[in-house]
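First the structure, in the form of structure tokens, and then the observations on it.
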Amino acid sequence: MFSAVDVVRSVAHYAVTYGRNHSPLGRNPLFCMNRYKCSLRDIFRPNISRIDGFIVKCVFNCSTDSSLQQADFLRECVMVRDGLFTLPNWFLVSDIDAIIDMCCD
């Protein structure tokens with residue numbers, strides 16, 4: 001939408017405005033509009049930091065403390081699995097995989 005190339009901008013604008021569900025580029029904004037309860041204008045602001053801030057604000061407004069804590073726990077488990085964090089030797093990789101699977105259900 002904000003490309004310096006006119007053709008790219010035109011195709012993106014057409015896909016979002018007219019293609020809607022018939023194009024991947026049109027479906028993504030529709031998905032975001034539905035998920036974050038916003039307008040197309042909110043999504044396609046030219047300043048990316050405002051877009052990031054808008055989405056972060058919407059996500060945190062829709063999240064509970066419990067879901068945020070679960071996401072943090074899952075992130076830590078993935079970091080343990082990938083070797084970025086460590087646990088005592090009695091934990092096996094299969095144990096961490098089982099915890100991750102349980103958190104994702």
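Screening the range 19-50 for residues that are polar (S, T, N, Q) and either surrounded by 11 or more Cβ atoms within 10 Å (Cβ to Cβ) or not in a helix (DSSP H, G or I) (or both) and picking the one that is modelled with the lowest pLDDT gives 47. I need the full set of residues from the range 79-100 which are among the acidic types (Asp, Glu) and either surrounded by 10 or more Cβ atoms within 10 Å (Cβ to Cβ) or touching a helix residue (DSSP H, G or I) at 6+ places or on another chain (Cβ under 7 Å) (or both), in order please. Once the filter is applied, which keeps residues that are among the acidic types (Asp, Glu) and either surrounded by 10 or more Cβ atoms within 10 Å (Cβ to Cβ) or touching a helix residue (DSSP H, G or I) at 6+ places or on another chain (Cβ under 7 Å) (or both), the range 79-100 yields 95, 97.
In the range 5-18, the residues that are at pLDDT below 75 reach residues that are exposed (fewer than 13 other Cβ atoms within 10 Å of the Cβ) with C-beta atoms within less than 6 angstrom, at least six apart or across chains, in these pairs: 9/3. Considering every residue within the range 51-66, establish whether at least one is aromatic (Phe, Trp, Tyr), surrounded by 11 or more Cβ atoms within 10 Å (Cβ to Cβ) and at pLDDT 85 or above. For the range 51-66, residues aromatic (Phe, Trp, Tyr), surrounded by 11 or more Cβ atoms within 10 Å (Cβ to Cβ) and at pLDDT 85 or above: absent. When the range 52-104 is filtered for residues that are small (Gly, Ala, Ser) and either part of a loop (DSSP other than H, G, I, E, B) or within 30 Å of residue 33 (Cβ to Cβ) (or both), the ones remaining, listed by number, are 53, 63, 66, 67, 71, 83.
The values are calculated or read from the model by the stated rules, or taken from the named source; none is laboratory data. This is a predicted model, so every value here is computed, not measured. As a convention, Cβ positions derive from the backbone with ideal geometry for all residues, glycine included, and neighbour counts pool all protein chains shown.
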